[in-house]
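Student: Have a look at the structure that comes next, please.
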Amino acid sequence: MQSASHNFCMKWPILFLFCFLFLTSAFADVAQEEIPPHYKVYPRTPIVDYQGDILDFYSVKDLYGEFSNFALFPIVINNTVWPTSEHYYQAQKFLDPALQEQVRLQPTPYLAAQMGRNPDLPMREDWDDVRDGVMMVALQAKFSQYKVLQDLLLSTKASHLYEHTKNDCYWADCGDRTGKNRLGEELMDIRHQLETSVHE
């Protein structure tokens, strides 16, 4: 008759293999979850020191598309997960929590933007006064919660960042540099904050 210790010794390699495979699978799942949704759909911009004086960005499909508010980087603000910074920004146009939640649940940033721009919905009266601050909250969350985005933004060095499109003359540059380019300006503000924190 085999001893209990012999039976255990015969079984433990199998148990060890089972545990190893289980943990490997678990760690793989975690690693997969850590990949931002953006990089499952769109290419990753290489992080190399940018040499130009001007850097244009706009489409999520192109280089530096990560800087777009349509980029698929979920953010957490006040314990709430927002699928993109665009979702958060558009939702803040409304004071009604139910409307904010409807925007948050939109399946794409494009649809969130469409809802936020719907003239039939009751936009808050002070929106023009608070929108820059709302955008900065969204951007600070986005760039504080993703190290890859911090590194990418810092890699742009001293270049002037422009959201380059004729579709928007407030957040972008109107396509001809005449727009306010507020998104580019706020990104450069965040870049300066990051540079300052690195050197402290």
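Student: May I ask you to list the residues in the stretch 153-191 that are of a type in the set (Ser, Thr, Tyr) and in contact with a helix residue (DSSP H, G or I) (Cβ under 8 Å, 6 or more places away or on another chain)?
Tutor: Of everything in the stretch 153-191, those that are of a type in the set (Ser, Thr, Tyr) and in contact with a helix residue (DSSP H, G or I) (Cβ under 8 Å, 6 or more places away or on another chain) turn out to be THR156, TYR162, TYR170.
Student: Here are some residues: LEU149, LEU194. Which one is of a type outside the set (Ser, Thr, Tyr), assigned by TED's automatic domain parsing to the domain that holds GLY65, in contact with a helix residue (DSSP H, G or I) (Cβ under 7 Å, 6 or more places away or on another chain) and surrounded by 18 or more Cβ atoms within 10 Å (Cβ to Cβ)?
Tutor: None of the other options fit; the residue is LEU149.
Student: Hey, another quick one. Taking ASP126 as meeting all but one of (1) more than 16 Å from PHE73 (Cα to Cα); (2) surrounded by 15 or more Cβ atoms within 10 Å (Cβ to Cβ); (3) out of contact with any helix residue (DSSP H, G or I) (no Cβ under 8 Å at 6 or more places or on another chain), write down the number of the exception.
Tutor: The failed condition is (2).
Student: Filter the stretch 175-200 down to residues that are more than 18 Å from SER59 (Cα to Cα) and assigned to a loop (DSSP other than H, G, I, E, B) and give me whichever is nearest to the chain's Cα centre (by Cα).
Tutor: LYS180
The values are calculated or read from the model by the stated rules, or taken from the named source; none is laboratory data. Not measured: the values here are computed from a predicted model. Every residue, glycine as well, gets a Cβ built from its backbone with ideal geometry; the counts of neighbours run over all protein chains shown.
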